[in-house]
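Novice: Have a look at this one.
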Ligand code: 5AD
Ligand code: SF4
């Protein structure tokens, strides 16, 4: 199943645009993205800025004049992956001393100029709010100087930059609606790497989505670290646009343009948002609602600002207003001081929430975070891993049960393309974000079409179905 937050299959993926003839550009850049969907989306902004500076994209780093890694700091493992990848560019640089290597994104922001000392082959270090200065930084680096810009901004949203859609299926796209995060969850490095929260101009968002729809896209996912706290002040009209209002504005573009969003913080998702979801058929009935832990004591140490009971009531509210809604979560095993009883609370909240799927991690201490400063990372690795394993096994059971509840049901499915295993089968998703694979049969369908599919079989990850004539 595609992970809209951290797609493991896509980590380190390189992309290149063939919409523009690369020969028209004097120089070529190669970019790889790591981490969350926001980073993949940022790489499309970077590509647009580089196109403007005369760089065309290449999928082959051996051909590039500029190699960029758009990095993630969320867990130690994410940083190690990037460091390992950097060593692989060393030989290329020996062969081609003019090659520039740049580190973008969260690791750039976290480590700043220190990264230049630690990784000698790096020429450029550019934080998430400084991409407009890339052309000038590249010029500086071309003279042999190291170039760094890790300034965070209070207002940068790249609202006016049309992202270059790279490696797109032409049907589904991600649209960034806000940047940064003000939540200060104690485990999380994001407030430090992406800065203060700010919302993008609502009209530029609607404009981008309308443009995508005209180009044939059928689904947009509105992206932000905490979309429910979206709040944009329209100075001309002297009014404020909330996330619920934004959702309705995007849903109004066209009834056959699906709207998704990610990520929601349980404390911020309002009834107004749930009502907007109920009102519009094309707002998908799926909420990613990270719980992190099921123990009130641990939630408090995590600074999540809700209790176990409050979260459970939120899930009940979603089920009451949107009975068909899919719910998924992020879960952390082995946070500081977590007892066996706290862990059992996490397992039982999973049972209560009946998550369709979850992204599950063991706690990884990040330097500079509130937790790193305040609490000892005191759960031994074997215990973290054992608890994580128990969480994964339970989620497997819940995912299978969730899919089994869909047997015999018929869903409206948006066709995204051929299934991975067979060109005789289509792959698509239902509103709840579940992947459905079904035989094409004799029907003259194409990707981007909607089709009614009845579920005939399932695994824990995929529904299998049959087109309803
Ligand atoms: N250790 C483990 N998991 C983390 N996450 C964020 N920070 C950490 C950390 N230090 C997880 C959270 C978050 C998801 C994107 O990554 O579950 O929701
Ligand atoms: Fe995304 Fe967080 Fe990783 Fe930054 S640290 S790329 S915001 S997941």
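Where a number appears in this text, it was derived from the coordinates with a stated rule and is not lab data. Note that this is a predicted model, so its numbers are computed, not measured. Cβ coordinates were reconstructed from backbone atoms using ideal geometry, including for glycine residues, and neighbour counts include every protein chain displayed.
Novice: Testing the spin-label approximation: label points 7 Å from Cα along Cα→Cβ at residue 376 and residue 405. State their distance in nm.
Specialist: About 4.2 nm separates the two model spin labels.
Novice: Consider all pairwise Cα distances in segment 268-320 and report the whole-number % of them above 12 Å.
Specialist: On the way: 927 of 1378 pairs.
Summing the P(r) of segment 268-320 above 12 Å gives 67 percent of all pairs.
Novice: Another one. From the helices alone, meaning DSSP H stretches of at least four residues, give me the mean residue ellipticity at 222 nm for the chain, per-run term -39500 (n - 2.57), in deg cm²/dmol to the nearest 500.
Specialist: On the way: 15 runs with 156 residues, N = 469.
The helix-only estimate for the chain comes to -10000 deg cm²/dmol at 222 nm.
Novice: In nm², what is the average projected area of the convex hull enclosing the Cα atoms of segment 397-469?
Specialist: Details: hull surface 17.5 nm².
Reported value for the Cα convex hull: 4.4 nm².
Novice: How are the C-alpha pair distances of segment 325-469 spread across 5 Å bins, as whole percents from the shortest bin up?
Specialist: Per 5 Å bin, starting at 0, the Cα pair percentages come out as 2, 9, 17, 15, 13, 11, 9, 8, 7, 5, 2, 1, 0.
Novice: If I stretch the segment between residue 389 and residue 442 completely, what's the gain in nm (0.36 nm per residue apart, minus their alpha carbon distance), one decimal?
Specialist: On the way: separation 53, 0.36 × 53 = 19.08 nm, distance 4.36 nm.
Net length gain for the segment: 14.7 nm.
Novice: Right, here's the next one. Please report Rg (one decimal) and Dmax (integer) in Å for the Cα set of segment 46-205.
Specialist: 16.1, 47
Novice: Any idea what % of Cα-Cα pairs in segment 117-240 are farther than 20 Å?
Specialist: Numbers: 4324 of 7626 pairs.
The answer is 57 percent, as a whole percent.
Novice: For Cα pairs less than 8 Å apart in space and 6+ apart in sequence, what is the mean separation divided by the residue count of the chain, i.e. the relative contact order in percent?
Specialist: Numbers: 951 pairs, mean separation 46.1, N = 469.
The value is 10 percent.
Novice: Taking the mean number of other Cβ atoms within 10 Å as a proxy for protection, how do you rank 66-73, 360-367 from highest to lowest?
Specialist: 66-73, 360-367
Novice: Give me the compactness ratio for the chain, meaning the Cα radius of gyration over 2.2 N^0.38 Å. The partial results should precede the final answer.
Specialist: Numbers: Rg = 22.4 Å, N = 469, 2.2 N^0.38 = 22.8 Å.
Scaled against compact globular proteins, the figure is 0.98.
Novice: Within 10 Å, count the other beta carbons around each residue, average over each peptide in 43-50, 300-307, and list them highest first. Write down the numbers at each step before the final one.
Specialist: Details: 43-50: 22.6, 300-307: 17.6.
Answer by packing, highest mean first, reads 43-50, 300-307.
Novice: Above 20 Å lies some portion of the pair distances; for segment 249-361, what is it as a whole percent of all C-alpha pairs?
Specialist: Of all Cα-Cα pairs in segment 249-361, 41 percent lie more than 20 Å apart.
Novice: Need one number for segment 336-382: average projected area of the convex hull over its C-alpha atoms, nm².
Specialist: If I average the Cα hull's projected area over directions, I get 4.2 nm².
Novice: Across every pair of different alpha-carbon atoms, what Kirkwood hydrodynamic radius in Å does segment 28-87 reach? Mind showing how you got there, number by number?
Specialist: Working: mean 1/r = 0.0826 Å⁻¹.
Value: 12.1 Å, from the Cα pair sum.
Novice: Rg to Rh for segment 20-131: what is it, with Cα atoms only and Rh by Kirkwood?
Specialist: On the way: Rg = 13.3 Å, Rh = 14.1 Å.
We get a ratio of 0.95 for segment 20-131.
Novice: Taking the Cβ of each residue in 259, 103 as the centre, tally the other Cβ atoms inside 10 Å and list the residues starting with the fewest. Walk me through the numbers on the way to the answer.
Specialist: Working: 259 24, 103 27.
Taking fewest neighbouring Cβ atoms as first place, the list is 259, 103.
Novice: Most exposed first by the Cβ proxy, i.e. fewest other Cβ within 10 Å, how do 118, 32 rank? It would help to have the intermediate numbers written out before the result.
Specialist: Values: 118 11, 32 19.
Fewest to most other Cβ atoms nearby, the residues stand as 118, 32.
Novice: Can you tell me the mean projection area, over all orientations, of the convex hull of segment 159-314's alpha carbons? Units nm², please. Don't skip to the answer; put the middle values down first.
Specialist: Working: hull surface 40.3 nm².
That works out to 10.1 nm², a quarter of the Cα hull's surface.
Novice: Calculated FRET efficiency, residue 114 and residue 422, Cβ-Cβ r, R0 51 Å, to nearest 0.05? Don't skip to the answer; put the middle values down first.
Specialist: Numbers: r = 49 Å, r/R0 = 0.96.
The calculated FRET efficiency here is 0.55.
Novice: What is the distance in Å between the Cα centres of segment 292-352 and segment 87-125?
Specialist: 40
Novice: So, one more: Within 10 Å of each residue's Cβ, count the other Cβ atoms and sort 277, 357, 249 from fewest upward. Working shown, then result.
Specialist: Working: 277 26, 357 22, 249 17.
By the 10 Å Cβ count, ascending: 249, 357, 277.
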